[in-house]
Amino acid sequence: MSRTCIVYSTTDGHTLEICQRLGQLLASAGHPVELIALDAASKIDWAGCDKIVIGARIRYGKHHPDVRAFIERHLDRLQARPSAFFSVNVVARKPGKDTVAGNPYLQKFLKTITWRPTELAVFAGKIDYKKYRLGDRLMIRFIMWLTKGPTQPDACVDFTDWQAVEAFAARIDRM
Ligand SMILES: Cc1cc2nc3c(=O)[nH]c(=O)nc-3n(C[C@H](O)[C@H](O)[C@H](O)COP(=O)(O)O)c2cc1C
């Protein structure tokens with residue numbers, strides 16, 4: 001039995017949903033799990049954290065800058081225990097971009113950090129136009145039009161491969 005802390009960086013809640021699913025799966029395998037929003041992560045009880053997972057969404061090509069700041073601040077603690085990182089973005093809905101090696105955001109991000117997580121993953125995220133502010137909605141619809149994604153003004157499409165999320169939970173369990 002090992003206690004897993006899952007830190008999430010989300011704007012619209014989908015990364016949190018993925019973390020909640022990981023949490024359910026780990027808990028059902030008998031492991032206590034704590035989910036912590038990145039902006040509350042200064043309160044992590046590191047002594048009681050056997051494994052750590054960080055999940056972060058992409059917006060306008062980037063993870064939130066606080067993700068890298070958190071990783072830099074806690075590098076020694078991250079390196080000292082089994083750890084995992086995953087990125088959530090809609091580019092990953094495209095075949096070949098849904099892998100660690102093939103996802104440009106994850107690859108670019110890895111070049112900016114020295115932390116080498118035990119496990120890495122990338123998951124396709126969700127488009128939910130009704131949640132977005134006008135400027136964001138127009139921009140994302142335009143990008144979706146360019147990349148042959150959903151453009152209906154009320155589209156809500158979950159691109160996540162939930163079986164891949166389950167497989168990632170199993171990898172976290174084994175690490
Ligand atoms: C304003 C905005 C900008 C986004 N920019 C990108 C992007 O540059 N590349 C990408 O692949 N996905 C992009 N996405 C898609 C998000 O990564 C996707 O919706 C993800 O599920 C969001 O996670 P969250 O619900 O945890 O915030 C963007 C979404 C929004 C709303």
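Run the paramagnetic zone check for ARG174: 7 angstrom along Cα to Cβ, then residues of the stretch 99-136 with backbone nitrogen under 13 Å. Answer for this model: 119-120. Based on DSSP H segments of at least four residues, each scored -39500 (n - 2.57), the chain has a per-residue ellipticity at 222 nm of -11000 deg cm²/dmol. Volume per residue of the convex hull around the Cα atoms, evaluated for the chain, comes out as 109 Å³. Applying the Karplus relation 6.51 cos²θ - 1.76 cosθ + 1.60 with θ = phi - 60° to the stretch 132-144 yields 3J(HN,Hα) values of 8, 5, 3, x, 5, 4, 4, 5, 5, 4, 5, 5, 5 Hz, where x marks Gly and Pro.
No disulfide-compatible partner, judged by a Cβ distance under 4.7 Å, exists for the following cysteines of the chain: CYS19, CYS156.
Extension gain, TYR132 to ASP39, is 31.4 nm, computed as 0.36 nm per intervening residue step minus the present C-alpha separation.
For the cross-link pairs LYS126/LYS148; LYS43/LYS97; LYS51/LYS126, the ones whose C-alpha atoms lie over 23 Å apart are LYS43/LYS97; LYS51/LYS126. Full extension of the chain segment joining ASP158 with ALA101 gains 18.3 nm, where the gain is 0.36 nm per residue of separation less the Cα-Cα distance. Over the stretch 1-65, the ratio between the Cα radius of gyration and 2.2 N^0.38 Å evaluates to 1.13. Applying a DSSP loop filter and a limit of 15 other Cβ atoms within 10 Å to the trypsin sites (Lys or Arg not before Pro) in the stretch 98-175 leaves ARG133, LYS148.
Readers should treat all values here as calculations from the given coordinates under stated rules, not as data from a laboratory. What you see is a predicted model; the values in this text were computed from it and never measured. Cβ: placed from backbone, ideal geometry, glycine included. Neighbour counts: every protein chain shown.
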